[in-house]
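Notes follow the structure.
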Amino acid sequence: MKAVAIKKDQTRVQAPAFVEMGTLRCDICCEDFIVFHDSSCVDKKAAERQARWLEKVLAEEHERERKHPDTIQLPD
């Protein structure tokens with residue numbers, strides 16, 4: 001796993017070997033997700049693409065009346 005989004009303030013999942021790249025807030029429910037990259041694969045442009053992808057995924061979850069998971073694996 002090279003990149004992951006973890007729901008902010010949840011306590012079950014940690015990313016100790018990962019670097020925080022930024023935070024994204026769901027426009028609908030206002031839950032925050034922190035985007036992390038593996039420390040060997042830090043890429044700011046990839047993080048920006050992943051944030052746009054994550055926005056779409058979060059919106060789709062609301063359309064399908066699903067809860068957001070604590071972690072979401074991000075595409076490369």
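Each value in this text was obtained by applying a stated rule to the coordinates, not by laboratory testing. Given the structure is predicted, the values throughout are model-derived calculations rather than measurements. Heads up, the Cβs are rebuilt from the backbone with ideal geometry, glycines too, and the neighbour counts pull from every protein chain shown.
Each residue of the stretch 67-76 is assigned a 3J(HN,Hα), and the resulting list reads 7, 6, x, 5, 10, 9, 6, 9, x, 5 Hz, derived from the Karplus form 6.51 cos²θ - 1.76 cosθ + 1.60 (θ = phi - 60°), x at Gly and Pro. Within the set [x] 81; [y] 101; [z] 114, the number that volume of the Cα convex hull per residue in Å³ takes when calculated for this structure is listed as [x]. Placing R0 at 30 angstrom, the Cβ-Cβ distance between Glu55 and Ala17 gives a FRET efficiency of 0.70 after rounding to 0.05. Per-residue 3J(HN,Hα) values for the stretch 34-46, derived from phi via the Karplus relation 6.51 cos²θ - 1.76 cosθ + 1.60 with θ = phi - 60°, read 9, 8, 10, 10, 4, 4, 8, 9, 5, 8, 4, 5, 5 Hz in sequence order (x marks Gly and Pro). For Met21, the amide hydrogen comes within under 5 Å of the amide hydrogens of Val35, Phe36, His37, counting only partners 5 or more places away or on other chains and with H modelled in the peptide plane.
For a quick check: sort Asp76, Asp38 by the number of other beta carbons within 10 angstrom, fewest at the front.
On the way: Asp76 9, Asp38 14.
Final ranking by Cβ density, sparse to dense: Asp76, Asp38.
For the stretch 50-55, the Karplus equation 6.51 cos²θ - 1.76 cosθ + 1.60, evaluated at θ = phi - 60°, returns couplings of 5, 5, 5, 4, 5, 4 Hz by residue, with Gly and Pro reported as x.
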